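A.B. asks: Right, I'll just put the structure down here and ask away after.
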Amino acid sequence: MTLDPLLIHGYATSPNAVIPATSTFPRYEIGDPQTFDDLMMTLDKDVWNLGGHHPSWELGVTWPQIKPS
């Protein structure tokens, strides 16, 4: 939470974005672990859209493998 606009510094191939301080995001539902990557990409795109950019890139997430105990 901040009273000032939030400056998002882009990835290596993306621009910077300024997110207004009065921004409200929807509630995102976390489902099965297999869908978490899709959720992260949706949130990432929503942030960039709010900053006035329509990303043509995909967020890359590499999760550590969990070994059964």
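The values are calculated or read from the model by the stated rules, or taken from the named source; none is laboratory data. Note that the structure is predicted; figures quoted are calculated from it, not measured. Neighbour counts are summed over all protein chains in view; Cβ atoms, including those assigned to glycine, are modelled from backbone coordinates with ideal geometry. Heavy atoms of the whole protein, side chains included, go into the accessibility calculation; ligands, DNA and RNA do not. Shrake-Rupley method; radii C 1.70, N 1.55, O 1.52, S 1.80 Å.
A.B. asks: Take the residues in the range 14-42 that are under 22 Å from Leu3 (Cβ atoms) and not in a loop (DSSP other than H, G, I, E, B); name whichever of them is farthest from the chain's Cα centre (by Cα).
C.D. replies: Val18
A.B. asks: If a residue must be modelled with pLDDT under 75, of a type in the set (Phe, Trp, Tyr) and open to solvent by less than 60 Å² (accessible area, probe 1.4 Å), how many such residues does the range 11-69 contain?
C.D. replies: So the answer is 1.
A.B. asks: Return the pair list, or none, for Cβ contacts closer than 9 Å from residues in the range 31-58 that are at positive phi to residues that are small (Gly, Ala, Ser) and surrounded by 13 or more Cβ atoms within 10 Å (Cβ to Cβ), at least 6 apart or on different chains.
C.D. replies: From the range 31-58, the pairs are Gly52/Ala17.
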